[in-house]
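First up is the structure itself, then whatever we jot down about it.
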Amino acid sequence: MDVTRWWFVRHAPVVDAPLGKLSGQADIAADVSDQASFAALAAKLPLGAVWLTSHLQRTHQTAEALFAAGAERVEPLIDPDFAEQAFGAWTSLTWAEIGAMDDALTKAFWETPDITAPPPSPKYTSESAADVCARVASRMESLTLDYAGRDIVCVAHAGSIRAAVALALGLTANQTLALDVKNTSLTRLDHIADGLRVKRGGSWRVVGLNMI
């Protein structure tokens, strides 16, 4: 029986971001000055793991801070499928600014935020929470098969970690919106499979959310 252990770390807080700002897929730097937090987290991470980050620099900087704090240094694989939700034209706006808009799409978003995507922009694509759940679930299932029985450390984002928990618990995209994933927190998900059973779904276990 193979147990594949996923160790999800949300990136450090972004620099100069006001409360409620949607960083989305904007490539904003992280504040990695909290060395005590990184030391505590690094001590919990396994040896011999496969490491993943998204393509956004805040995950790369967080991984580097963890290596500097004592985590086993490896070369992370960069995987855009674990990026934050793409918020299109709403990227870098605050929820208050979005709430002040009076148009049909914004109203639809407030009514069905799980399946309604923000408006796209020339710079940023756009996707719904359901879209994020679908892309993360697909990639996790593939990587769980590729690295069956291994530890996988994935430095990711609140949206992609919520999507991972949704896969493990069978949650809807709407239900994931109730999950609060803290910066530099650790979320642990295990997949139990027997050989190629992972292709039929296997069995997931949630070990912990926001553990650090």
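The values are calculated or read from the model by the stated rules, or taken from the named source; none is laboratory data. Not measured: the values here are computed from a predicted model. Using ideal geometry, Cβ is built from the backbone for each residue, glycine included, and neighbour counts are taken over all protein chains shown.
Note on segment 89-134: among residues that are under 30 Å from TRP204 (Cα atoms) and surrounded by fewer than 18 Cβ atoms within 10 Å (Cβ to Cβ), the one that is modelled with the lowest pLDDT is PRO113. Mind checking whether some residue in segment 144-159 is of a type in the set (A, V, I, L, M, F, W, C) and without any contact (Cβ under 8 Å) to a residue 40 or more places away in the chain? Looking for residues that are of a type in the set (A, V, I, L, M, F, W, C) and without any contact (Cβ under 8 Å) to a residue 40 or more places away in the chain, one finds none in segment 144-159, hence no.
Please find, within segment 110-129, the residue that is nearest to THR91 (Cα to Cα) out of those that are out of contact with any helix residue (DSSP H, G or I) (no Cβ under 6 Å at 6 or more places or on another chain) and outside any loop (DSSP other than H, G, I, E, B). Give the derivation first.
Start the filter on segment 110-129 by keeping residues that are out of contact with any helix residue (DSSP H, G or I) (no Cβ under 6 Å at 6 or more places or on another chain), which leaves 110-113, 117, 122-123, 125, 127-128.
Narrowing the set further to residues that are outside any loop (DSSP other than H, G, I, E, B) leaves 110-111.
On the way: TRP110: 16, GLU111: 20 Å.
Checked segment 110-129; the qualifying residue nearest to THR91 (Cα to Cα) is TRP110.
MET140 passes every criterion in (1) closer than 21 Å to GLN25 by Cα; (2) touching a residue at least 60 places away in the same chain (Cβ under 8 Å); (3) in a loop (DSSP other than H, G, I, E, B) apart from (3). Once segment 36-49 is narrowed to residues that are in contact with a helix residue (DSSP H, G or I) (Cβ under 8 Å, 6 or more places away or on another chain) and of a type outside the set (Phe, Trp, Tyr), the residue that is farthest from ALA12 (Cα to Cα) is LEU45.
Scan segment 47-54 and give yes if some residue there is surrounded by fewer than 19 Cβ atoms within 10 Å (Cβ to Cβ) and either in a helix (DSSP H, G or I) or of a type in the set (Ser, Thr, Tyr) (or both), otherwise no. No, because not a single residue in segment 47-54 is surrounded by fewer than 19 Cβ atoms within 10 Å (Cβ to Cβ) and either in a helix (DSSP H, G or I) or of a type in the set (Ser, Thr, Tyr) (or both).
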